[in-house]
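The values are calculated or read from the model by the stated rules, or taken from the named source; none is laboratory data. Keep in mind that what you see is a predicted model, and the values were worked out from it rather than measured. Backbone-built Cβ (ideal geometry, glycine too); neighbour counts: all protein chains shown.
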Amino acid sequence: MISYLRGKIINKAPNYCLLDVAGVGYQIFMGENFLNELRVGSEAEIYTHHQVREDASDLYGFKTLVDRELFELLLTVSGVGPKSALGILSLAATDDVKETIVRGDADLLTKVSGIGKKTAERIVLELKNKVLRSVGSTTPLNSSSFGGDEIDALMSLGYSLNEARSALNSVDPSIIDSGQRVKEALKRMAKK
């Protein structure tokens, strides 16, 4: 099983890179966030998941072990394949995805191509306790007071999950009406 590679990036495509390791080229599929960080000609260390099937032997690459662990957890859910799992990891940072699962925000997961409402709900149901028990999390999950609807509202306006969360965290906690919290978050983002 190939679980780690270090070498030189020799080519990049929209969903994979080619990594030269001592003269052997490996095609490694990865999420767009990590792929965007890599530069052709530079050295890279990549944690990998090696998936062997009847008709293929594919490598999937990750920046950290925690990312790979979440990917492998996602693959345990019926209906979630490697492409969908990579899409989920590209949605936001790993800890943010874990927080989404723990919070039960299945709607956010449906933003990934290939993940419908039922599959998103299955992910939340099957992984919530596993994510809570996982020791791979480098930071404690945020127990924020805002709901998924508020985040969804900001994301539907084009903001990222991190931008939405940051803006909502800066809103006065005494404001409890969701609509008002979204308005205040938008005001704060407009000032930046």
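Overview of results
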quantity	calculated
Any hit, region 46-53, residues being outside any strand (DSSP E or B) and either more than 16 Å from the chain's Cα centre (by Cα) or modelled with pLDDT of 95 or more (or both)	yes
Odd one out for G25, checked against (1) modelled with pLDDT of 95 or more; (2) small (G, A, S); (3) within 19 Å of S134 (Cα to Cα)	(3)
Odd one out for G25, checked against (1) in contact with a strand residue (DSSP E or B) (Cβ under 7 Å, 6 or more places away or on another chain); (2) assigned to a loop (DSSP other than H, G, I, E, B)	(2)
Every residue from region 1-56 that is crowded, with 18+ Cβ neighbours inside 10 Å, within 17 Å of F71 (Cβ to Cβ) and among the small types (G, A, S)	G31
Cross-chain or 6+ apart pairs with Cβ under 8 Å, region 27-52 first and assigned by TED's automatic domain parsing to the domain that holds N15 and within 27 Å of T76 (Cβ to Cβ), then surrounded by fewer than 18 Cβ atoms within 10 Å (Cβ to Cβ) and among the aromatic types (F, W, Y)	E45/Y4; I46/Y4; Y47/Y4; T48/Y4
Residue match in region 135-153 (condition: touching a helix residue (DSSP H, G or I) at 6+ places or on another chain (Cβ under 7 Å), at pLDDT 85 or above and either farther than 22 Å from V66 by Cα or among the basic types (K, R) (or both))	no
Residue that is nearest to the chain's Cα centre (by Cα), among those in region 58-76 that are farther than 16 Å from R133 by Cβ, crowded, with 20+ Cβ neighbours inside 10 Å and hydrophobic (A, V, I, L, M, F, W, C)	F71
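Here's the yes/no breakdown for (1) in a helix (DSSP H, G or I); (2) of a type in the set (A, V, I, L, M); (3) farther than 24 Å from K8 by Cα; (4) not assigned by TED's automatic domain parsing to the domain that holds P14:
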site: E72; (1), (2), (3), (4): yes, no, yes, yes
site: G79; (1), (2), (3), (4): no, no, yes, yes
site: A85; (1), (2), (3), (4): yes, yes, yes, yes
site: S90; (1), (2), (3), (4): yes, no, no, yes
site: K98; (1), (2), (3), (4): yes, no, yes, yes
site: K111; (1), (2), (3), (4): no, no, yes, yes
site: G114; (1), (2), (3), (4): no, no, yes, yes
